[in-house]
Amino acid sequence: MNIFVRNDLNMRKGKITSQVAHAVVGLWLGAMDKSEDKFILKGDNYEIHKKWVLEGLKINIVPVNSEGELLFCQTNNTVLIKDHGRTEFKEPTYTCLSEFNNIVLNKKVVDFPFSDKQAKQTLIANRELSLNKWILAVYAGRASWSVLLDKMEDTGNELILNLDEEGLRNWLLGAFAKITLKIEECDIQDLKTKLSDSNVLFHEERNDNRIVILATEPRLVEVINNCTSELKLY
């Protein structure tokens, strides 16, 4: 998988991390068939994804230097990410683009009622590792998708994501919010305990047996904030 990221925007490390995670998740969700109660990855898309997972969820970051250069990379196998412009930018802004050869994208929009409660996915990075922004973004992309993968049923020829949770439904069909926070390494275990006590599924990515980043499943904002309210933006 290639992720083209605008380097001219001078995004902070946590913003790049969130946007790359958007691009990874957005591509695979875009490859899924959609109905009112489930998303399904099947056929050739399933086989391509299975091989990608077996090969270690390889992600290649490609910096680009302008919006024009980013848009030039668009093909039928790409998903373009536009930030809403609520935090770092003053207006909606194209930030990055994901590409995976031979994937067939299904861009059908699912149109059915969901509650107006806000939901989000949260990435929490170990600030003590001080990783290069591009390396951290790769870990984030893997973690962000992997926690969703952990929620799916694998039948052997399909991956099925059931939309039976309010937080997940609102996230997929709403603003698709994602945020990156930072944490001291000594506080990670306490965070994991809080998440577990709140029944929030999470996935951790490690390097040399140290946690690099955690990704929570998408849940309602109040549930996530109950566990992460003391953490700051990265």
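Just a few scattered comments:
- Options Ile16, Ile81; residue that is assigned to a strand (DSSP E or B), of a type in the set (A, V, I, L, M, F, W, C), surrounded by 13 or more Cβ atoms within 10 Å (Cβ to Cβ) and under 18 Å from the mean Cα position of the chain (by Cα): Ile81
The rows are residues; the columns are (1) under 19 Å from the mean Cα position of the chain (by Cα); (2) touching a residue at least 60 places away in the same chain (Cβ under 8 Å); (3) assigned to a loop (DSSP other than H, G, I, E, B); (4) over 15 Å from Glu166 (Cβ atoms).
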position	(1), (2), (3), (4)
Leu195	yes, no, no, yes
Glu205	yes, yes, no, yes
Val212	yes, yes, no, yes
Val223	yes, no, no, no
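- Here His49 meets each of (1) in a strand (DSSP E or B); (2) more than 15 Å from the chain's Cα centre (by Cα); (3) crowded, with 18+ Cβ neighbours inside 10 Å; (4) not aromatic (Phe, Trp, Tyr) with one exception, condition (1).
- Residues located in segment 143-162, provided they are surrounded by fewer than 20 Cβ atoms within 10 Å (Cβ to Cβ), at negative phi and of a type outside the set (Asp, Glu): Ser146, Leu149, Lys151, Met152, Thr155, Asn157, Ile160, Asn162
- Consider segment 52-71 and keep the residues that are assigned to a strand (DSSP E or B) and touching a residue at least 60 places away in the same chain (Cβ under 8 Å). The one that is farthest from Leu148 (Cα to Cα) is Val64.
- All positions within segment 166-193 that are within 24 Å of Ile40 (Cβ to Cβ), in contact (Cβ under 8 Å) with a residue 60 or more places away in the chain and not in a loop (DSSP other than H, G, I, E, B): Leu172, Leu173, Lys178
Throughout, read-outs are computed from the coordinates displayed, never taken from laboratory work. Not measured: the values here are computed from a predicted model. Using ideal geometry, Cβ is built from the backbone for each residue, glycine included, and neighbour counts are taken over all protein chains shown.
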